[in-house]
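As structure tokens, the structure follows; a few thoughts come after it.
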Amino acid sequence: MKRIAAFLLASVAIQSIGAQSFIQSYKDRADIVSQANITTNLQEFAGLGVKKTGTVANTNASDWIRNKYLSYGYTASSITEDTFPYGSASSKNLIITKTGTLYPDKYVIICGHYDTIVGPGVSDNGSGTSIILEAARILKDVPTEYSIKFIHFSGEEQGLVGSTHYVNNVAYEGSTRKLDIKLVLNIDQVGGLIGNTNNKITCERDTGGVSSNNAASNTATQELMTCTSLYSPLQTNLSYAYSSDYMPFEAKGYTITGFYEYERSENEHTVNDTFANIDPVYVFNVGKAAVGALQHFAVASTVNALLGTKVSSKPAENIRIYPNPAKDVLKVEFSQKVKQFKVEISDMAGNLVLNSENQDTINTSGLQNGVYTVTIKTDRENTTKKLIIGK
């Protein structure tokens, strides 16, 4: 993605939370985003080299993405390819469809490109690619009212070639709209620069082109900003959509929004767009925002997939953990009698480090000082809380 520096001057910083309700199960799933998975995806993406459209490396990247989905349990029948010509060669868009429960023929699209032109493109756009993969992993078995299409475009760097082909040949056929698309959420260049203060993300709305979809885009982008504030630690900045894979959709009247890094890395389209120069924690936090927002837009179930329980609207009043900070012992207390429950403690990379069943006193002496998450699962509710170990 290429942006002009002037976009910062036109941006408006907004950090307030709108009227959307916080949903605990959405937060629980956003918290499943794994720093270890994000980092691995970024490193593997970097290892694929320069993924210029039409090259062997570009094809290898497409195969790598496909294999990721298969490893998550998606079936081959849920994965389709949209092949398009590029010069004397060809490339492909990869589309993975998760069918909705109430509106199977209406789609929320989350997309980003995987092609690069000079360097390995770890920020532009290995970052978006990694987040989309992690969102697909987490939401695979979560029912959503609307269908979700996870789309990985090629040819973006050559002028939105892949996304234009998809819109003109799959979403549309001539003047006939073939796909009913609720929203397109594009993620492009959200890697940040290591050493920058990467605590804010730009949320992009449609301000030009086809004017009839501007109001809907503005509403969706305000919702995206709210979801970001609810389900991630990031602040938000409101700006405009520009020159990425949502634009062919915009030209056909579809509603679009997107994420783009706020503090510019300036490494895009150079050999410096490498894993060593990006901020993996920033990508991790944008991933949390994306998972929260995708659940909102696709209307995900509030029933926990693991125990089949509805998450309590006031879990903090029902379950207490103490002391916090803890040293060698953590206690779990319930406001109502509970016979069966599980306690899982994970580090901030998402790795499970301790678990127990039906124990209200837990030995934490083996944990190192730091910040963890504690998830308590019962037959009535699931609650995730932050835990500090300090000795």
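Values for this structure:
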| read-out | value |
| --- | --- |
| Overall form of region 315-389 per C-alpha gyration tensor (a/c, 1.5; a/b vs b/c) | prolate |
| Residue-span extension gain [residue 67 to residue 240] - 0.36 nm each, minus C-alpha spacing | 58.9 nm |
| Region 32-96-region 340-391 distance, computed between alpha-carbon centres (Å) | 35 Å |
| Label-point separation, residue 334 to residue 281 (7 Å along Cα→Cβ), nm | 3.6 nm |
| Cβ-based exposure ranking for 377, 342, 386, in which fewest neighbours within 10 Å come first | 386, 342, 377 |
| Within region 80-117: backbone nitrogen closer than 14 Å to the residue 303 label point (7 Å, Cα to C-beta) | 101-102 |
| Highest average packing first - 362-374, 276-288, 190-202, Cβ atoms within 10 Å | 276-288, 190-202, 362-374 |
| Share antiparallel - DSSP beta bridges, region 195-279, percent rounded to 5 | 40 percent |
| Order by protection proxy (mean Cβ within 10 Å, highest first), peptides 257-269, 112-124 | 112-124, 257-269 |
| Degrees between helix 35-47 axis and first principal axis of the chain (Cα, 0 to 90, nearest 10) | 30 degrees |
| Relative contact order [Cα under 8 Å, 6+ residues apart], the chain, whole percent | 20 percent |
| Under-5 Å amide H pairs with residue 147, H placed in peptide plane, nonlocal only | 100, 103, 106, 108 |
| Helix-only mean residue ellipticity at 222 nm for the chain, each DSSP H run of n ≥ 4 adding -39500 (n - 2.57), per residue, nearest 500 | -8000 deg cm²/dmol |
| For the chain, share of DSSP beta bridges that run antiparallel, in % to the nearest 5 | 65 percent |
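Each reported figure results from applying straightforward, stated rules to the coordinates on display, with no laboratory input. Worth saying up front: this structure is predicted, and the values here are computed from it rather than measured. Cβ: placed from backbone, ideal geometry, glycine included. Neighbour counts: every protein chain shown.
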